[in-house]
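Peer 1: Please find one structure pasted underneath; my questions will follow.
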Amino acid sequence: MNTSKTVLLTLALTTLCYSETWINYNLENSNIAGSYAQCMTIDPFNNIYIGCDWAGISKFNGEGWVSWTPDNSGYPANAIEPIDIGTDSEGNLWISSDGSGLVKFDGTDFTEYDAEDNARNLTVDTEDNIWYKNWQDIVTKFDGTTFTDYDTSDFGNHGYLAALSAGPDGSIWMLSDTSLIEFDGDQWLVYSSYHNTLWHQALAFDNSGNVWTGINNAVGRYDGENWISYTFQSDSLNFWFPGALQFDADGILWVGYDFGLARFDGENWTQYTTTNTGQELGWITSLVIDANNNKWLASFGNGVFVFNEDGVVLGINDKNQVPLDFEILNIYPNPMNPAVTISYSLNTGADLSVSIFDITGRPVWTQSITNKSYGEYSFQWKGNDLQNHAVASGVYVIRLSANKSIETRKVLVLR
């Protein structure tokens, strides 16, 4: 699929509303489709989607929830159990399910594709190819026209495939209970796992390109040659099922597991449970971090939780809600190739933090701008990541923050 085509973007100013540290959305206080949140993703425009077990899908657009079910829309009745979801660079939602295989939702219509009827884990790569696997561990790539199957039995006795994720360089990674497996675009490479008796549950990639996995009572980091394990330090921090991993813009690892949420800064663990938060977090099945550094948690039984240590920040369409310490004046050129200039004004002296995310919410590039006084300034992003590699074509989110003010815009990279 060609990702170099021009996409028209609405670059409306995002205004923000600050709230408490935790918010819970459930059937009693919102319009989500169901309480059993099975999967979650974020689109290029900072909308949050969740798939609810035996219910349908829901979207949070910064103001409230909209849900699609077989009862109120064209949502396929045989896709009532969404297993995984992902979005492409144009904002289309892709759904894998036990009963309907692969489903595309463009915001209006649902399209079912002639795929296997038990599609499981799903990911979208940097070229907008859709990858998923079924119960028989057949991995399929869909480029919008053609389905290509890969029989993973050719990889040897790798065990059950438990995770599937696209890397920041376009490679495809899979986890099993015995192996870490990579498809580099030409061939499949099988690496031994950190410990072949541990059940790997989740995948994430840090800013240096290292692969992280969730394993029993620990997380593992693979740098291409060696595994390093980081064991949870508290006896009460017992993560038997670390089902979700995500890095924020500061390189902090967040882990969703069967009793709540945890934070790992590279040295120390911090645990967030019902006991110390007052929130009935339950089993966290999926986790995404939006452009405002909110952690969105899909809870299997208790709906959706939003957490932000500095106070939850939600986008709304009321420019007068919060006075900002700065304002983005212009982003040019957009689309960009190879560089873009971001112009902004400071309404007061402040240190500015810049973060750029890809469409999955993964941090790509960061920069700190310090000791600036009142006035107008600009900086340039050259379309590279933290390793100075050129990023792939697609939509990226630029987030600026100063003090408690945050503003986000989108930019389209064309290669």
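The values are calculated or read from the model by the stated rules, or taken from the named source; none is laboratory data. Keep in mind that this is a model prediction, so the values were computed, not measured. Cβ coordinates were reconstructed from backbone atoms using ideal geometry, including for glycine residues, and neighbour counts include every protein chain displayed.
Peer 1: Does Tyr344 fit the bill of being more than 25 Å from Glu90 (Cα to Cα), surrounded by fewer than 19 Cβ atoms within 10 Å (Cβ to Cβ) and out of contact with any Lys or Arg (no Cβ under 7 Å at 6 or more places or on another chain)?
Peer 2: Spelling it out, it is not the case that Tyr344 is more than 25 Å from Glu90 (Cα to Cα), surrounded by fewer than 19 Cβ atoms within 10 Å (Cβ to Cβ) and out of contact with any Lys or Arg (no Cβ under 7 Å at 6 or more places or on another chain).
Peer 1: Considering Asp325, Asp258, which residue is under 30 Å from Val391 (Cβ atoms), at pLDDT below 85, of a type in the set (D, E, K, R) and out of contact with any helix residue (DSSP H, G or I) (no Cβ under 9 Å at 6 or more places or on another chain)?
Peer 2: Unique residue meeting the criteria: Asp325.
Peer 1: Working carefully through the options Val313, Val411, Val306, find the one that is under 23 Å from Gly62 (Cα atoms) and modelled with pLDDT of 90 or more. Working first, answer last.
Peer 2: Numbers: Val313 fails: modelled with pLDDT of 90 or more; Val411 fails: modelled with pLDDT of 90 or more.
When all the criteria are applied, what remains is Val306.
Peer 1: Here is a further query. Does Gly56 qualify as being surrounded by fewer than 15 Cβ atoms within 10 Å (Cβ to Cβ), of a type outside the set (S, T, N, Q), within 24 Å of Gly303 (Cα to Cα) and over 17 Å from the mean Cα position of the chain (by Cα)? Steps first, please.
Peer 2: Numbers: surrounded by fewer than 15 Cβ atoms within 10 Å (Cβ to Cβ): no; of a type outside the set (S, T, N, Q): yes; within 24 Å of Gly303 (Cα to Cα): yes; over 17 Å from the mean Cα position of the chain (by Cα): yes.
Criteria not met by Gly56.
Peer 1: Considering only segment 356-390, how many residues are β-branched (Val, Ile, Thr) and exposed (fewer than 15 other Cβ atoms within 10 Å of the Cβ)? Spell out how you get there, then give the answer.
Peer 2: First pass over segment 356-390, keeping only residues β-branched (Val, Ile, Thr): 356, 359-360, 364, 366, 369-370.
Right, trim to exposed (fewer than 15 other Cβ atoms within 10 Å of the Cβ) and you get 370.
Residues meeting the conditions: 1.
Peer 1: Within segment 359-383, restricting attention to residues that are of a type in the set (S, T, N, Q), over 24 Å from Val313 (Cβ atoms) and assigned to a strand (DSSP E or B), which residue is nearest to the chain's Cα centre (by Cα)?
Peer 2: In the first step, residues of segment 359-383 are kept if they are of a type in the set (S, T, N, Q); the result is 360, 366-368, 370-371, 373, 378, 380.
If we keep only those that are over 24 Å from Val313 (Cβ atoms) as well, we get 371, 373, 378, 380.
Filter again for assigned to a strand (DSSP E or B), leaving 371, 378, 380.
On the way: Asn371: 32, Ser378: 28, Gln380: 25 Å.
Within segment 359-383, the match that is nearest to the chain's Cα centre (by Cα) is Gln380.
Peer 1: If I filter segment 119-148 down to residues being at pLDDT 90 or above and of a type in the set (D, E, K, R), which single residue comes out as nearest to Leu414 (Cα to Cα)?
Peer 2: Checking each candidate, the answer is Asp128.
Peer 1: Give segment 205-218 a look and list any residue that's farther than 17 Å from Thr366 by Cβ and out of contact with any Ser or Thr (no Cβ under 7 Å at 6 or more places or on another chain), or say none.
Peer 2: We begin by selecting, within segment 205-218, every residue farther than 17 Å from Thr366 by Cβ; these are 211-218.
Listed by number, the residues that qualify are Val211, Trp212, Thr213, Gly214, Ile215, Asn216.
Peer 1: Would you check if Gly156 is at pLDDT below 85 and surrounded by fewer than 16 Cβ atoms within 10 Å (Cβ to Cβ)? Before the answer, list the steps.
Peer 2: Working: at pLDDT below 85: yes; surrounded by fewer than 16 Cβ atoms within 10 Å (Cβ to Cβ): yes.
It is true that Gly156 is at pLDDT below 85 and surrounded by fewer than 16 Cβ atoms within 10 Å (Cβ to Cβ).
Peer 1: Related question: Taking segment 341-377 as the search range and keeping residues that are in contact with a Gly (Cβ under 7 Å, 6 or more places away or on another chain) and among the hydrophobic types (A, V, I, L, M, F, W, C), which one is farthest from Phe247 (Cα to Cα)?
Peer 2: Leu346
Peer 1: Another question, then. Quickly run through segment 58-71 and pick out the residues that are of a type in the set (S, T, N, Q) and farther than 16 Å from Ile95 by Cβ. Lay out the reasoning, then the answer.
Peer 2: The initial filter retains those residues of segment 58-71 that are of a type in the set (S, T, N, Q), namely 58, 61, 67, 69.
Within segment 58-71, Asn61 is the sole residue that qualifies.
Peer 1: For segment 384-411, give me the residue count where each residue is more than 18 Å from the chain's Cα centre (by Cα) and closer than 23 Å to Phe326 by Cβ.
Peer 2: Narrowing segment 384-411 to residues more than 18 Å from the chain's Cα centre (by Cα): 384, 386-390, 400-407.
Add one more test, that the residue is closer than 23 Å to Phe326 by Cβ, and what stays is 400-407.
The number of residues fulfilling the criteria is 8.
Peer 1: Sort out which residues of segment 271-306 are surrounded by 20 or more Cβ atoms within 10 Å (Cβ to Cβ) and of a type in the set (Ser, Thr, Tyr), and write them in order of number.
Peer 2: Tyr272, Thr285, Ser286, Ser299
Peer 1: On to the next question. Could you tell me whether any residue of segment 38-57 is farther than 25 Å from Leu281 by Cα, at pLDDT below 90 and of a type outside the set (Ser, Thr, Tyr)? Lay out the reasoning, then the answer.
Peer 2: If we filter segment 38-57 for residues that are farther than 25 Å from Leu281 by Cα, which is where we start, we get 44-45.
Checking the rest, the ones that are also at pLDDT below 90 come to 44-45.
So of that shortlist, the ones also of a type outside the set (Ser, Thr, Tyr) come out as 44-45.
Yes: one or more hits.
Peer 1: Tell me, which strands (runs of 3 or more DSSP E) wholly within segment 203-296 include 2 or more residues that are under 22 Å from the mean Cα position of the chain (by Cα)? Steps first, answer last, please.
Peer 2: Numbers: elements: 211-215, 218-222, 227-231, 244-247, 253-257, 260-264, 269-272, 284-289.
Here the list reads 211-215, 218-222, 244-247, 253-257, 260-264, 269-272, 284-289.
Peer 1: Out of Thr21, Thr3, Thr69, Thr14, which single residue is modelled with pLDDT of 90 or more and of a type in the set (Ser, Thr, Tyr)? Don't jump to the end; show me each part of the working.
Peer 2: Values: Thr21 fails: modelled with pLDDT of 90 or more; Thr3 fails: modelled with pLDDT of 90 or more; Thr14 fails: modelled with pLDDT of 90 or more.
Answer to the check: Thr69.
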